[in-house]
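Colleague: Here it is: the structure, laid out below.
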Amino acid sequence: MSTVNLVEIQKKWAGLWVAVKDGDVVESRPTAHALVFALKDRDIVGATVFRCPSDDEAELVGLG
Amino acid sequence: MGEGDFEHTYPYLEEHRGADWHWLDRPLLRPSVLATVTGPQETSDLLLALVDSGCDHVLVPEWMAMRIGIELDDRRSSTIRIGGSSRRVQFAEATLNLAHPQTEVGESTPDFVHNWTTLVGFMDWPPLAMTLLILGQAGFFDEFTVTMSRHSQALTVSHQEDFDSRYESPIVRNAPVASPRFEP
């Protein structure tokens, strides 16, 4: 599905929600709500949104 | 979506596994697809969706309703228990758009292979969730035949009737009359 290295992005942006577009993280925020509406405010479309867990977090089962 | 001509395979997505798992020589792989959610006014960003066979619903954050222009009605709500707590879920129809397997994370102009309208639950989202879209039994698994293989590290989405065409014998014999096969 992807040549974007999700693992590396998650390690680098640990603890944050990120928006990735064309291979780059174009926006990051502490919460998904803040991220999504920041993208809207900046008129950034076409990004993929997901969270990068912190290294000390317990692993999620399902939604967590 | 004609029978036999709809089949898309999505590799499981590797996620970063924390230091606490240093003793385990096995990657963290999630059955995932990329998809968007469309409301009356707008479409969401491309979301990394978790394919969750243990969930009966399609779920998104409550604030997504405002983002895509959906009005929620508390008369269509119930409570579920998830993430260790009970959460009120409000349901409304929305359109899901499934991206092509070759769509990359961050691809700005993705291709979509299928879209369908289904009941979506909007709820207060767990703050540490990794995804913003859960694809559960009703709304995803009943739209397709979903085949999952941890051995092959992939899932395939194929035609809804594919399951019946694979297995000739009836799966449930003497099923109680009170639970007929659900026709979505």
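Colleague: Is it fair to say B:G106 is crowded, with 19+ Cβ neighbours inside 10 Å and modelled with pLDDT of 95 or more? Spell out the reasoning first.
Modeller: Values: crowded, with 19+ Cβ neighbours inside 10 Å: yes; modelled with pLDDT of 95 or more: no.
No, not satisfied.
Colleague: In the stretch B:4-16, which residues are open to solvent by 30 Å² or more (accessible area, probe 1.4 Å), at pLDDT 90 or above and of a type in the set (D, E, K, R)?
Modeller: Of everything in the stretch B:4-16, those that are open to solvent by 30 Å² or more (accessible area, probe 1.4 Å), at pLDDT 90 or above and of a type in the set (D, E, K, R) turn out to be B:E7, B:E14.
Colleague: Please work out which residue is farthest from the other protein chains (Cβ to nearest Cβ), limiting yourself to the stretch A:37-64 and to residues that are touching a Ser or Thr at 6+ places or on another chain (Cβ under 8 Å) and free of Cβ contacts under 8 Å to residues at least 24 places away in the same chain.
Modeller: Residue satisfying both the conditions and the ranking: A:V45.
Colleague: Go through the stretch A:1-18 and report how many residues are in contact with a Leu (Cβ under 7 Å, 6 or more places away or on another chain) and more than 7 Å from every other protein chain (Cβ to nearest Cβ).
Modeller: Of the stretch A:1-18, the ones in contact with a Leu (Cβ under 7 Å, 6 or more places away or on another chain) are A:1, A:6, A:17.
Filter again for more than 7 Å from every other protein chain (Cβ to nearest Cβ), leaving A:17.
Count: 1.
Colleague: Another one. Which pairs have Cβ atoms under 8 Å, sit 6 or more apart or on different chains, and link a residue in the stretch B:23-52 that is within 11 Å of another protein chain (Cβ to nearest Cβ) to one that is β-branched (V, I, T) and loosely packed, with under 15 Cβ neighbours inside 10 Å?
Modeller: B:D45/A:V45
Colleague: State which residue is nearest to the other protein chains (Cβ to nearest Cβ) when the search covers only the stretch B:144-153 and only residues that are surrounded by fewer than 20 Cβ atoms within 10 Å (Cβ to Cβ) and either touching a residue at least 24 places away in the same chain (Cβ under 8 Å) or part of a loop (DSSP other than H, G, I, E, B) (or both).
Modeller: Applying the first criterion (surrounded by fewer than 20 Cβ atoms within 10 Å (Cβ to Cβ)) to the stretch B:144-153 yields B:145, B:147-153.
From what's left, either touching a residue at least 24 places away in the same chain (Cβ under 8 Å) or part of a loop (DSSP other than H, G, I, E, B) (or both): B:148, B:150-153.
Details: B:M148: 15, B:R150: 15, B:H151: 18, B:S152: 14, B:Q153: 11 Å.
Filtering first and then ranking leaves B:Q153.
Colleague: Looking at (1) within 25 Å of A:V45 (Cα to Cα); (2) surrounded by fewer than 19 Cβ atoms within 10 Å (Cβ to Cβ); (3) within 10 Å of another protein chain (Cβ to nearest Cβ), which is the one condition that is false for B:A19?
Modeller: With (1) within 25 Å of A:V45 (Cα to Cα); (2) surrounded by fewer than 19 Cβ atoms within 10 Å (Cβ to Cβ); (3) within 10 Å of another protein chain (Cβ to nearest Cβ) applied to B:A19, the lone miss is (1).
Colleague: Just the residues that are hydrophobic (A, V, I, L, M, F, W, C) and not in a loop (DSSP other than H, G, I, E, B), please, taken from the stretch B:1-43.
Modeller: Taking the stretch B:1-43 first, the residues hydrophobic (A, V, I, L, M, F, W, C) are B:1, B:6, B:13, B:19, B:21, B:23-24, B:28-29, B:33-35, B:37.
Once the filter is applied, which keeps residues that are hydrophobic (A, V, I, L, M, F, W, C) and not in a loop (DSSP other than H, G, I, E, B), the stretch B:1-43 yields B:L13, B:A19, B:W21, B:L28, B:L29, B:V33, B:L34, B:A35, B:V37.
Colleague: Which of the following residues is over 14 Å from B:D45 (Cα atoms) and outside any helix (DSSP H, G or I): A:D43, A:D55? Quick ask: steps written out before the conclusion?
Modeller: On the way: A:D43 fails: over 14 Å from B:D45 (Cα atoms).
Result of the check over A:D43, A:D55: A:D55.
Colleague: Only one of A:A38, A:A58 is more than 12 Å from the chain's Cα centre (by Cα), modelled with pLDDT of 95 or more and at negative phi. Can you tell me which?
Modeller: Working: A:A58 fails: modelled with pLDDT of 95 or more.
Exactly one of A:A38, A:A58 is more than 12 Å from the chain's Cα centre (by Cα), modelled with pLDDT of 95 or more and at negative phi, namely A:A38.
Colleague: Could I ask something else about it? Identify the single condition in (1) in contact with a strand residue (DSSP E or B) (Cβ under 6 Å, 6 or more places away or on another chain); (2) buried (at least 20 other Cβ atoms within 10 Å of the Cβ) that A:A38 does not satisfy, given that it satisfies every other one.
Modeller: Here A:A38 meets the rest and fails (2).
The values are calculated or read from the model by the stated rules, or taken from the named source; none is laboratory data. This is a predicted model, so every value here is computed, not measured. Cβ: placed from backbone, ideal geometry, glycine included. Neighbour counts: every protein chain shown. Ligands, DNA and RNA are excluded from the accessible area calculation, which covers all protein heavy atoms including side chains. Shrake-Rupley method; radii C 1.70, N 1.55, O 1.52, S 1.80 Å.
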